[in-house]
Amino acid sequence: MARFLDLHPENPQARTIGQIVAALRDDALIAYPTDSGYALGCQLGNREGRDRILRLRELDERHDFTLMCKDFAQLGQFVKLDNAAFRAIKAATPGPYTFILPATSEVPRRLMHAKKKTVGVRITDHPVVCAILHELGEPMLTSTLMLPGEDTARTQGWEIKEELDHQIDIVVEAGETSAEPTTVVDWSQGYPEVLRVGAGDPSRFES
């Protein structure tokens, strides 16, 4: 059964954050709230966690995984940025965007797109996520919590607990969250291409 951990949405309890991070380091798969719906998350080195996400969402190996990063400096360690991408993405983060970019050697190959060698990156300003990432000390492998056949992210922790109770390890509850997923921008070819319009304003990346 999944543990259900209730945190304050703006001032998350340090002890509970510590429990979440300890579980992540012990290869847990968690469901947690972001500024654009719930996401599934695990530690970068958690091979089984990656596979569990693929099974839950019925995704194949071509899926672009996302690294939830603490800040822009951390993001820059894991993806290659030219000057135009650097300026535009820095101006848009933190925020409800996911950017697909060429991965650096810091990213395990199993987390990259099999052919394009890309990975998604994201920086959120959700206080609970920021606290988890600060304590964890590295990005978290993540994927929007949309189950097969769904086109919006889950928003209710108790519903996730009921439905996925034996498929994940922790459900983090922290008040209301938007149902609108991130806006996805592919910058892997040297220019921005909006793949999905979501919570983030796409106009800043449309020519």
Taking trypsin sites (Lys or Arg not before Pro) as exposed when in a DSSP loop with at most 11 other Cβ atoms inside 10 Å, the chain has its longest clean stretch at 116-207
Residue span Ala22 to Leu59: 0.36 nm per residue of separation minus Cα-Cα distance leaves a gain in nm of 10.6 nm
Going through Lys90/Lys115; Lys90/Lys117; Lys90/Lys161; Lys70/Lys161; Lys70/Lys116 one by one, the pairs whose alpha carbons sit over 30 Å apart turn out to be Lys90/Lys161
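Ignoring ligands, DNA and RNA, please state the percent of accessible area on segment 139-207 from carbon and sulfur, probe 1.4 Å.
44
Taking the Cα centre of segment 151-207 as origin and charging only Cβ (+1 Lys, Arg; -1 Asp, Glu), how large is the dipole, in debye to the nearest 20?
240
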Rounded to the nearest 10 degrees, the helix 127-136 long axis (Cα) sits at an angle to the longest Cα principal axis of the chain of 90
Helix 47-57: inclination vs the chain longest Cα principal axis, degrees, rounded to 10, gives 90
For the chain, averaging the sequence separation of alpha carbon pairs under 8 Å that lie six or more residues apart and dividing by its residue count, the contact order in percent is 33
Counting every C-alpha pair in segment 159-207, the percent lying more than 18 Å apart is 53
Those GluC sites (Glu not before Pro) from segment 1-61 that are DSSP loop and have at most 14 other Cβ neighbours within 10 Å turn out to be Glu10, Glu58, Glu61
Under the helix-only model (-39500 (n - 2.57) for each DSSP H run of 4 or more, divided by the residues of the chain), the mean residue ellipticity at 222 nm, to 500 deg cm²/dmol, is -8000 deg cm²/dmol
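So, with +1 on the Cβ of K and R and -1 on the Cβ of D and E, and no other charges, what is the size of the charge dipole of segment 1-125 about its Cα centre, to the nearest 20 debye?
Dipole size: approximately 440 debye.
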Per residue, accessible area of the chain with a 1.4 Å probe, heavy atoms of protein chains only, in Å², comes to 46
Whole-percent carbon and sulfur contribution to the accessible surface of segment 56-112 (1.4 Å, no ligands, DNA or RNA) stands at 48
With x for Gly and Pro, the residue-by-residue ³J(HN,Hα) of segment 62-75, computed from phi through the Karplus equation 6.51 cos²θ - 1.76 cosθ + 1.60 at θ = phi - 60° and given in whole Hz, is 7, 4, 7, 6, 10, 9, 7, 9, 6, 7, 5, 4, 5, 3
To the nearest 20 debye, segment 93-207 has a Cα-centred charge dipole, built from +1 on Lys and Arg Cβ and -1 on Asp and Glu Cβ, of 740
Check: C-alpha center segment 12-48 vs C-alpha center segment 84-145, spacing in Å is 15
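The values are calculated or read from the model by the stated rules, or taken from the named source; none is laboratory data. All figures in this text were calculated on a predicted structure; none of them were measured in a lab. All Cβ positions, even for glycine, are placed from backbone atoms using ideal geometry, and neighbour counts span all protein chains on display. Only protein heavy atoms, including side chains, enter the accessible area calculation; ligands, DNA and RNA are left aside. Shrake-Rupley method; radii C 1.70, N 1.55, O 1.52, S 1.80 Å.
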